[in-house]
Amino acid sequence: MEILRATDYQVLSNMAAEIVAREVNSKPDCVLGLATGSTPIGLYKQLAQLHNTGKLSLSRIYGINLDEYVGLSAEHKLSYQHYMWYNFYNLIKADARHVNIPNGLAEDLKKECERYDAVIKSLGGIDLQILGIGANGHIGFNEPAEVFIKNTHVVQLHESTRKMNARFFDNMNQVPTSAITIGIGAIMRAKKILLLASGHDKSTALHKMLHSDITPQIPATILQLHSNVTIIADEESLG
Ligand code: GLP
């Protein structure tokens, strides 16, 4: 794993955008695995700026999002569908046919998970997977568990994750209790992985990811087995 140290969040976002831009320039129709959360917002903003000033064309990329809350509609302000359009896709006037996000309102969630895996497969897998990291070491919404789960699945969110994400909702009761997430299989099959970490809250998870034995109790430790991982972390998260 290559670790790049960023002096602050803006620098982290610019460094990340450079790596994504390099990928898009070498393969304009590449498949980008996309994350939500606060960490990649600066990256999306920077990418949109490059696109809108003619320095990069994002019009042919395909996006595959990592996850979505179960029970929130696409219009819900806190759904990841809304997040992606608000923070990225609207800014680059993306073609909706290139946008893939699990449907958290699907009647048959198991079928939706199978559909999503089929979409990833039909696109030939993920070229560059962007990841954040949860304070408990989750990636996507692959929460600490007894085993690594390979395929897209429905996951019960841990109390600690719900508490962390409660800052976006009016109160804790509104935070969904479950989500759909792509599995560890699709993440590990990505050709390249770019993990972003910012802030003191992430220092323990980051340290464990790099130095603990590989265990599904700290899902991000599996990345130690991937041959092409770049981590961009700011000073605070590196401790
Ligand atoms: C969320 C998302 C993850 C994200 C992580 C960290 O729950 N499901 O994909 O990487 O938690 O979020 P943040 O960047 O806001 O710290």
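Every number in this text was worked out from the coordinates using simple rules, so none of it is lab data. Computed from a predicted structure; not experimentally measured. Because the Cβ atoms are built from the backbone with ideal geometry, glycine has one as well, and the counts that use them run over all protein chains shown.
Before rounding to the nearest 500, sum -39500 (n - 2.57) across all DSSP H runs of length at least 4 in the chain and divide by the residue total; then give [θ] at 222 nm in deg cm²/dmol. Before the final figure, lay out each step's value.
Details: 8 runs with 75 residues, N = 239.
When only DSSP H runs of four or more count, the value is -9000 deg cm²/dmol.
Sort out for me the Cα centre separation of the range 1-42 from the range 163-239, rounded to whole Å.
The distance from the Cα centre of the range 1-42 to that of the range 163-239 comes to 15 Å.
Which value, in debye to the nearest 20, describes the size of the charge dipole of the range 60-115 about its Cα centre when Lys and Arg Cβ atoms bear +1, Asp and Glu Cβ atoms bear -1, and nothing else is charged?
The dipole magnitude comes to about 260 debye.
Using the Karplus curve 6.51 cos²θ - 1.76 cosθ + 1.60 with θ = phi - 60°, what ³J(HN,Hα) values do you get for each residue of the range 189-195, in whole Hz, with x for Gly and Pro?
7, 4, 5, 9, 10, 10, 9
If we count other beta carbons within 10 Å of each Cβ, what is the order of Glu18, Glu68, Glu143, Glu235, fewest first?
Going from sparsest to densest Cβ surroundings: Glu18, Glu235, Glu143, Glu68.
Mind checking which of Ala74, Gly134, Thr161 is farthest towards the positive end of the range 69-199's charge dipole, using Cβ charges of +1 (Lys, Arg) and -1 (Asp, Glu) about the Cα centre?
Toward the positive end, the furthest listed residue is Gly134.
From Cα pairs below 8 angstrom and at least 6 apart in sequence, can you work out the relative contact order of the range 101-239, rounded to a whole percent?
Computed value for the range 101-239: 30 percent relative contact order.
Could you line up Met209, Met172 from fewest to most neighbouring Cβ atoms inside 10 Å?
In order of increasing Cβ crowding within 10 Å: Met172, Met209.
Convert each backbone phi in the range 81-86 into a coupling constant with the Karplus relation 6.51 cos²θ - 1.76 cosθ + 1.60 (shift: θ = phi - 60°), then list the ³J(HN,Hα) values in order as whole Hz, x for Gly and Pro.
Karplus-based 3J(HN,Hα) across the range 81-86 equals 4, 4, 3, 5, 5, 5 Hz.
Please list, in chain and number order, the residues 5+ apart from Gly199 or on another chain whose amide H is under 5 Å from its amide H, with Hs placed from the backbone.
When sequence neighbours closer than 5 places are left aside, the close amide H contacts are Asp234, Glu236, Ser237.
Looking at Met209, Leu109, Ile180, which one has the Cα that reaches farthest to the positive end of the dipole of the range 89-226 (charges on Cβ: Lys, Arg +1; Asp, Glu -1)?
Final value for the positive-end residue is Met209.
Roughly how many Å is it from the Cα centre of the range 57-117 to that of the range 120-157, as a whole number?
About 15 Å separates the Cα centre of the range 57-117 from the one of the range 120-157.
List, in order, the whole-Hz ³J(HN,Hα) value for each residue of the range 125-130 obtained from phi through the Karplus relation with A = 6.51, B = -1.76, C = 1.60 and θ = phi - 60°; use x for Gly and Pro.
x, 9, 7, 9, 9, 8
What per residue convex hull volume, in Å³, do the alpha-carbon atoms of the chain yield?
In the chain, the Cα convex hull volume per residue is 114 Å³.
Which residue fluctuates most in the GNM of the chain (Cα springs below 10 Å): Ile61, Ile139, Ile218?
Ile61
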